[in-house]
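Shown next, in structure tokens, is the structure this report addresses.
The values are calculated or read from the model by the stated rules, or taken from the named source; none is laboratory data. Model, not experiment: these values are computed from the prediction. When we count neighbours, we look across all protein chains shown, and the Cβ atoms used for this are built from the backbone with ideal geometry, even at glycine.
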Amino acid sequence: MNNYANPALDQIISTTTFLKERLPSPLKPILGIIGGSGLSALETLITSASSSPASTPVTGQAPGARIEIGFKEIPGFPVSTVTGHAGKLIFGWIVLRNKSIPTVLMSGRAHFYEGYDLKVATFPIRVLGAMGVKSLIITNAAGALNPSYNVGDIMVMNDHVSIPSLSGVGNPLRGPLDAPETAGPGIGGPRFLALSDAYDLDLRAATWKAWQVVLSMVHEETDRRCDTSSNKANLHEGVYAFVGGPSYETRAEGRLLRLLGADVVGMSTVPEVIVARHVGMTVLGLSVVTNKVIVDKTPTGSDILNEHKSGVSKITTEKTNHEEVLEAGKHAAVLIKRLIGNLIEQSELEIMQCC
């Protein structure tokens, strides 16, 4: 598929058919998860249902195998060129104590800054909708704008600011759209999509409940190890700012995003959220704080002179880089994996009852 093409309805249907033909018949995913930068550890959430005979598939489906399919093998799928994005779909089950959930995990994603039109970058979401996915958990690596957020913290997304959408150049719903009555369930949606409830309130509440369980587990482990230095991470809830990238924010841009009410900033997720809501999925967004955005006033030439006179350095010289983002993501992956597992274990939401 050309990077700038409008994914046609027949392409969505043919790709969906391609994937269904490669899955064991019992495996019909109702939950989707997208792994962000450095969060490849989430792949271990997906297993074969047969690995836990005591668990009962929530949909009544029979146990099935774990299947991996690379993006390069899937017709129409955009392929990520970014380090830290494996580029594959993993189909299987999230097996918990008393239930197993048929799930598909996207390990990696395509980005706007790679040159993909957002209709193409979000093509996989429409395919997941056509396959029957009802709820989508989207994770990402993000920079902290809120001064109370620290590296390793997790933020539950309750809203977003999409700079590309506001500027008119980056919205996946721009241009021709297939109406639900012609496209079929899970593919089409309204011309004008309301996003005031983009992030499901029940899923957000369940996440906070799951976080309390995760904290108690970690505290028990910490007590056993007599290690008071571990688990400094906190859970927050706030606003994600979507920017096009690939350059990181200037200091002035960081301050502007703060003024707009954003708590973190990143280069993904929002286009996927828009399309997921367009096709009727419920959405949970989780941001892992991988760096703190520098928002100090840009030093002037006179600052250098004053520094030389006083002998005291007050100039911030830190810079964000992709390597530290990936490393921070890897450290947080175990925690976010536990959080998602406990969220699913405890939840009594539609995600558990839809089939």
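When Leu215 is tested against (1) touching a residue at least 24 places away in the same chain (Cβ under 8 Å); (2) part of a helix (DSSP H, G or I), exactly one condition is not met: (1).
Would you check if there is a residue in the range 166-187 being of a type in the set (Ser, Thr, Tyr), under 19 Å from the mean Cα position of the chain (by Cα) and within 23 Å of Asp263 (Cα to Cα)? No, every residue in the range 166-187 fails to be of a type in the set (Ser, Thr, Tyr), under 19 Å from the mean Cα position of the chain (by Cα) and within 23 Å of Asp263 (Cα to Cα).
Here Ser229 clears all of (1) part of a loop (DSSP other than H, G, I, E, B); (2) surrounded by fewer than 13 Cβ atoms within 10 Å (Cβ to Cβ); (3) modelled with pLDDT of 95 or more except the condition numbered (3).
Among the residues of the range 177-192, the ones that are part of a loop (DSSP other than H, G, I, E, B) and either surrounded by 15 or more Cβ atoms within 10 Å (Cβ to Cβ) or modelled with pLDDT under 85 (or both) come to 9 in all. A single member of Ile46, Ile33 is at pLDDT 95 or above and buried (at least 20 other Cβ atoms within 10 Å of the Cβ), and it is Ile33.
Of the residues making up the range 130-153, not a single one is surrounded by 12 or more Cβ atoms within 10 Å (Cβ to Cβ), part of a helix (DSSP H, G or I) and without any contact (Cβ under 8 Å) to a residue 24 or more places away in the chain. For the range 32-46, the set of residues classified as hydrophobic (A, V, I, L, M, F, W, C) and farther than 16 Å from Ser287 by Cα consists of Leu45, Ile46, listed by residue number.
With respect to the conditions (1) modelled with pLDDT under 70; (2) in a loop (DSSP other than H, G, I, E, B); (3) small (Gly, Ala, Ser), Gly76 falls short on a single one, namely (1). Candidates in the range 289-306 are the residues that are in contact with an Asp or Glu (Cβ under 9 Å, 6 or more places away or on another chain) and of a type in the set (S, T, N, Q); of these, the one that is surrounded by the most Cβ atoms within 10 Å (Cβ to Cβ) is Thr290.
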